[in-house]
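*Asks:* Below is a structure I'd like to ask you about.
The values are calculated or read from the model by the stated rules, or taken from the named source; none is laboratory data. Owing to the predicted nature of the structure, the values given are computational and were not obtained by experimental measurement. We place every Cβ from the backbone using ideal geometry, glycine too, and count neighbours over all the protein chains shown.
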């Protein structure tokens, strides 16, 4: 896969606007596990290898369990996620796939059972932000870094 362009250089002001959204998300007060959940699940849905690689590594760095990270793409079939995380995962999928889902009432009501209106707004901005990053990375074919394989001792 060949990169189409370097979006960091192509339009610095546009990238700065996306970074400002990212800075807002990071400082929003949302729990770190929820931010990781949002970023990783949306990136999986969008097929963004660059972002999946990044957010798996960040989740591990922040101490989230391997099973919690590894089963996210099949969360509906896993008992790893609590009811709050499940409501959030449903909303991430609904908003990320909004042209197909229309953001159904049942997904919103499930979210509303666990989060305040303010938190729902912050969550939805976080979903929109990672979707923007995904569209940049996928659209411009940004390759993920290749880790050095562990050497056998």
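*Asks:* Taking the stretch 133-143 as the region of interest, how many residues are surrounded by fewer than 16 Cβ atoms within 10 Å (Cβ to Cβ) and either touching a strand residue (DSSP E or B) at 6+ places or on another chain (Cβ under 8 Å) or in a helix (DSSP H, G or I) (or both)?
*Replies:* Number of matching residues: 2.
*Asks:* Hey, another quick one. Mind checking whether some residue in the stretch 70-81 is assigned to a loop (DSSP other than H, G, I, E, B) and on the phi > 0 side of the Ramachandran plot?
*Replies:* no
*Asks:* Continuing with the same structure: Could you check the stretch 33-68 and list, in sequence order, the residues that are in a helix (DSSP H, G or I), closer than 19 Å to residue 83 by Cβ and over 10 Å from the mean Cα position of the chain (by Cα)?
*Replies:* Of everything in the stretch 33-68, those that are in a helix (DSSP H, G or I), closer than 19 Å to residue 83 by Cβ and over 10 Å from the mean Cα position of the chain (by Cα) turn out to be 33, 67, 68.
*Asks:* Let me ask something else about it. Could you tell me whether any residue of the stretch 95-115 is in a helix (DSSP H, G or I), buried (at least 20 other Cβ atoms within 10 Å of the Cβ) and within 16 Å of the chain's Cα centre (by Cα)?
*Replies:* Yes; the residues of the stretch 95-115 include at least one that is in a helix (DSSP H, G or I), buried (at least 20 other Cβ atoms within 10 Å of the Cβ) and within 16 Å of the chain's Cα centre (by Cα).
*Asks:* Would you be able to tell me the number of residues in the stretch 57-83 that are buried (at least 20 other Cβ atoms within 10 Å of the Cβ) and more than 18 Å from residue 93 (Cα to Cα)?
*Replies:* 1
*Asks:* What's the number of the only condition in (1) at pLDDT 95 or above; (2) assigned to a helix (DSSP H, G or I) that residue 30 fails to meet?
*Replies:* Condition (2) is where residue 30 drops out.
*Asks:* Additional query: Which condition number in (1) surrounded by 17 or more Cβ atoms within 10 Å (Cβ to Cβ); (2) in contact with a helix residue (DSSP H, G or I) (Cβ under 6 Å, 6 or more places away or on another chain); (3) touching a residue at least 24 places away in the same chain (Cβ under 8 Å) is the one that residue 119 fails?
*Replies:* Against the list (1) surrounded by 17 or more Cβ atoms within 10 Å (Cβ to Cβ); (2) in contact with a helix residue (DSSP H, G or I) (Cβ under 6 Å, 6 or more places away or on another chain); (3) touching a residue at least 24 places away in the same chain (Cβ under 8 Å), residue 119 comes up short only on (2).
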